[in-house]
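Worksheet: one structure, shown below.
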Amino acid sequence: MSQDKSTLSTPVAALGRVTLAVLARLGDMFLFFLESLALIFSSPSQFPKAVRQTYFIGVGSVLLILLIGLFTGMVMGLQTYYALSKFGSEGFLGAAVALAVVRELGPVLAAIMVTGRAGSSMTAEIGVMRISDQVDALEVMGINPVSYLVSPKLAACLVSFPILTTFFDLIGIVGGYVTGVALMGGNAGVYISRVQDSIEWGDVWVGYVKALVFGAIVCTVCCYKGYYTHLQQDLAGPEGVSSSTTQAVVLSSVLILLSDYLLTSIFL
Amino acid sequence: MPSVPDIRLENLTVGYEGKAVVSDIDVVLPGGRISVILGGSGSGKSTLLRHILRLEEPIAGTVCFGDHDICRLSKRDMHCIKQRIGVLFQDGALLGSLTLADNVALPLREHTRLSRKRIQEIVEGKLALVGLEKFLDYYPNELSGGMRKRAGLARAMVMDPAILFCDEPTSGLDPVTAADLDQLLLEMHRTFGMGMVVVSHDLANMRAIADFVMVLGDGRVLFQGTRQELESVDDPYLRRFLDRKAEERQGPRVGETAVDASVMKVDCSRYWSMGK
Ligand SMILES: Nc1ncnc2c1ncn2[C@@H]1O[C@H](COP(=O)(O)OP(=O)(O)O)[C@@H](O)[C@H]1O
Ligand SMILES: [Mg+2]
């Protein structure tokens, strides 16, 4: 009898355990985020660090974002033109491209691209500092490692993500113009006026809210994974850092898409 | 300088995730002296040091600086204490993204309101003390291991700490450089009167600087007392350690595990011959 009971309850218990562990971990990350947020303005010396990080995370990603944005817009232009032309409504191309890019693709793709470029290097940097005692050295010098290492990066992400998203949006709309109008021969005036008519301030705000949330997610997840790289079981040293980096990129991307869905369903 | 407090380890058991590495430590490291924590590799010296610095929570027992139990101290009080101690980690633990000068200046920039010029002077002074005044603009990865240790020492000294903690200051150094470092530590101890807690497996290092010695081994404290007392101890394990004798090995002899080259089907006789 008792055996029956245990075989029945084991999978359920396991599911419960995993759920609890995941929730605990997410809660832990949220506290990590709150701490680094609170420490952004902890001292005047934070400002130059934040500027340096903004240069790396923001300015360093501009070219990549422009490239990705352009091609995304171009593909959108082609595909949407093809679909709309089936109903004879090519005129709506501008509206379709602009809404998709500003509300969805801009924030999401920009965030995922920056995760790959800057997020992974944040994890690796902090992870290497952890395994070579540099984080402990900060700690015993009385310098809060979260404030020193994470807060400037968070500030930089919160500033950079909306700006990068803006770049993505603009160049994406240009990309749609390139294929939809210049290549496929749509009407230029109609494209532009449709873009102007369809985009409202609300759409732009949704995009920015998403960009801010994604910035917070990417920075928090990537820094958290690096900061606690030494707590992984069975993985130590450089191997641990590389696995943390992988996990950080995967988890950031998943959380970006998950929260994108939640935000979209809230704001729609 | 106010008198340096003793460091009292009371019923302390240290380890990771509930697994004890060293148990039942009951030792007072006398303030203002050079105490050496001696032990073989893996005996738990670094682990003990990390607990004394409150980087880990003890499994049982307490660590007290003077009358203050640091495990119960508030964050703010701990912050005060941290500004009065200096730590040299095993590999220096310099921040890789900063130059030597910036590394040494870091505690001053974060904790004081000194002018840029004054900080620069102090940093140059401390780096000159350890003989690295020509390397201000070098990054840690451009230095040798010994230089990184000395730079780490300069950083640990920059706030003029009351107690200096060093993890294996002489390991991985050639004997001359190691002896130089011993001299440097002694000189700083005499000049500034700071207390030191030095983790080491190096007997020469211990003999050169120690006032007080505690020996770790076998998951416990094997000995505590002055250096003179240690030299005259007659515990067989300690004697072997002090006389640097190898333990009687239980396993196979070295030769027994050698593989016959003919089995491996390699013929290196063209390049060298080994006793054949
Ligand atoms: N982070 C850790 N997690 C679990 N065990 C550890 C950790 N660090 C060290 N140990 C274990 O603690 C013991 C003592 O290590 P350590 O204090 O580094 O020795 P020592 O510094 O004397 O050479 C070793 O057996 C080691 O396996
Ligand atoms: Mg050690």
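The values are calculated or read from the model by the stated rules, or taken from the named source; none is laboratory data. Just so you know, these numbers come straight off a predicted model, no measurement behind them. All Cβ positions, even for glycine, are placed from backbone atoms using ideal geometry, and neighbour counts span all protein chains on display. Accessible surface areas use protein heavy atoms only, side chains included; no ligands, DNA or RNA. Shrake-Rupley method; radii C 1.70, N 1.55, O 1.52, S 1.80 Å.
Distance in nm between label sites at A:V178 and A:F47, each 7 Å beyond Cα in the beta-carbon direction?
The modelled label-to-label distance comes out at 4.0 nm.
Please report the spacing between the Cα centers of the stretch B:48-90 and the stretch A:11-62 in Å, no decimals.
27 Å
Note the angle between two axes, namely the Cα long axis of helix A:62-86 and the longest principal axis of the Cα atoms of chain A, as a number of degrees from 0 to 90, rounded to the nearest 10.
With both axes taken from Cα atoms, the answer is about 50 degrees.
Working from the alpha-carbon coordinates of the stretch A:2-267, get Rg over Rh, Rh being the Kirkwood radius.
We get a ratio of 1.09 for the stretch A:2-267.
Using a 10 Å cut-off on Cβ to Cβ distances, tally the other chain neighbours for every residue of B:87-97 and report the average as a whole number.
5
Beyond 18 Å, what percent of the Cα pairs of the stretch B:83-223 remain?
55 percent
Where both residues lie in the protein assembly as shown, what percent of DSSP beta bridges are antiparallel, nearest 5?
50 percent
Which of the trypsin sites (Lys or Arg not before Pro) found in the stretch B:44-90 are in a DSSP loop and have at most 14 neighbouring Cβ atoms, other than their own, within 10 Å?
Filter output for the stretch B:44-90: B:R72.
Where the centroid of each part is defined by its Cα atoms, how far is the stretch A:91-110 from the stretch B:152-205 in Å?
Between the Cα centres of the stretch A:91-110 and the stretch B:152-205 lies a distance of 63 Å.
Could you state how much accessible area is buried at the A-B interface, both sides summed, with a 1.4 Å probe, in Å² to the nearest 100?
That pair hides around 1500 Å² of surface in total.
What's the FRET efficiency of A:I131 with A:S198 using the Cβ-Cβ distance as r and R₀ = 45 Å, to the nearest 0.05?
0.30
Taking the highest mean first, how do the peptides A:133-142, B:17-26 order by number of other beta carbon atoms within 10 angstrom per residue?
A:133-142, B:17-26
Under the rule of -39500 (n - 2.57) per DSSP H run of 4 or more residues, summed and divided by the residues of chain A, what mean residue ellipticity at 222 nm is obtained, to the nearest 500 deg cm²/dmol?
-26000 deg cm²/dmol
Can you tell me the 0 to 90 degree angle between the C-alpha axis of helix A:201-227 and the longest principal axis of chain A, rounded to 10?
For A:201-227 against chain A, the angle is about 30 degrees.
In square nanometres, what is one fourth of the surface area of the convex hull spanned by the alpha carbons of the protein assembly as shown?
Reported value for the Cα convex hull: 40.9 nm².
Given the pairs A:K153/A:K225; A:K153/B:K149; B:K126/B:K149; B:K19/B:K45, which span a C-alpha to C-alpha distance of over 19 angstrom in this model?
Checking Cα-Cα distances, A:K153/B:K149 exceed 19 Å.
Going from most exposed to least, what order do A:S132, A:S252 have by accessible area with a 1.4 Å probe?
Final ranking, largest accessible area leading: A:S132, A:S252.
To the nearest 10 Å², what's B:I59's accessible area with a 1.4 Å probe?
Rounded to the nearest 10, that gives 70 Å².
State the antiparallel share, in %, of DSSP beta bridges confined to chain B, rounding to the nearest 5.
Antiparallel bridges: around 50 percent, rounded to the nearest 5.
Provide, as a two-decimal number, the C-alpha radius of gyration of the stretch B:95-160 over 2.2 N^0.38 Å, N being how many residues it has.
0.99
Fully extended, how many nm does the chain gain between A:K86 and A:L34 (0.36 nm per residue separation, minus their Cα-Cα distance)?
13.7 nm
Per residue of B:68-76, what is the mean number of Cβ atoms on other protein chains within 10 angstrom of that residue's Cβ?
0
As I understand it, the dipole of chain A uses +1 on the Cβ of Lys and Arg and -1 on the Cβ of Asp and Glu, about the Cα centre. Which of A:G185, A:S259, A:L154 lies farthest toward its positive end?
Sorting the options by dipole projection puts first A:G185.
Working out 0.36 nm times the residue gap between B:S115 and B:C71, then minus their Cα-Cα distance, what length gain in nm do you get to one decimal?
Fully extending the segment from B:S115 to B:C71 adds 12.4 nm.
Between A:L258 and A:L63, how high is the FRET efficiency from 1/(1 + (r/R0)^6) when r is the Cβ-Cβ distance and R₀ = 22 Å? Nearest 0.05.
0.20
Helix A:188-198 sits at what angle to the longest principal axis of chain A, using alpha carbons and giving 0 to 90 degrees rounded to 10?
50 degrees
Rounded to the nearest 10 Å², what accessible area does B:E231 have for a 1.4 Å probe in the complete protein model?
My reading of the accessible area for B:E231 is about 60 Å².
Just tell me how shielded B:50-62 is by partners: mean number of partner chain Cβ atoms within 10 Å of each residue's Cβ, no decimals.
Mean partner-chain Cβ count within 10 Å for B:50-62: 1.
Please sort B:92-105, A:10-23, A:195-208, A:97-110 by packing, taking for each peptide the average over its residues of neighbouring beta carbons within 10 angstrom, highest first.
Output ranking for B:92-105, A:10-23, A:195-208, A:97-110: A:97-110, B:92-105, A:195-208, A:10-23.
Sort the following peptides by mean Cβ neighbour count (other Cβ atoms within 10 Å, averaged over residues), highest first: B:214-221, A:260-267.
Most protected by this proxy first, the peptides run B:214-221, A:260-267.
Divide by every residue of chain B the summed helix terms, -39500 (n - 2.57) for each DSSP H run of at least 4, and state the resulting mean residue ellipticity at 222 nm, rounded to the nearest 500 deg cm²/dmol.
It lands at -10000 deg cm²/dmol.
Note the direction-averaged projected area, equal to a quarter of the hull surface, for the Cα convex hull of chain B, in nm².
20.1 nm²
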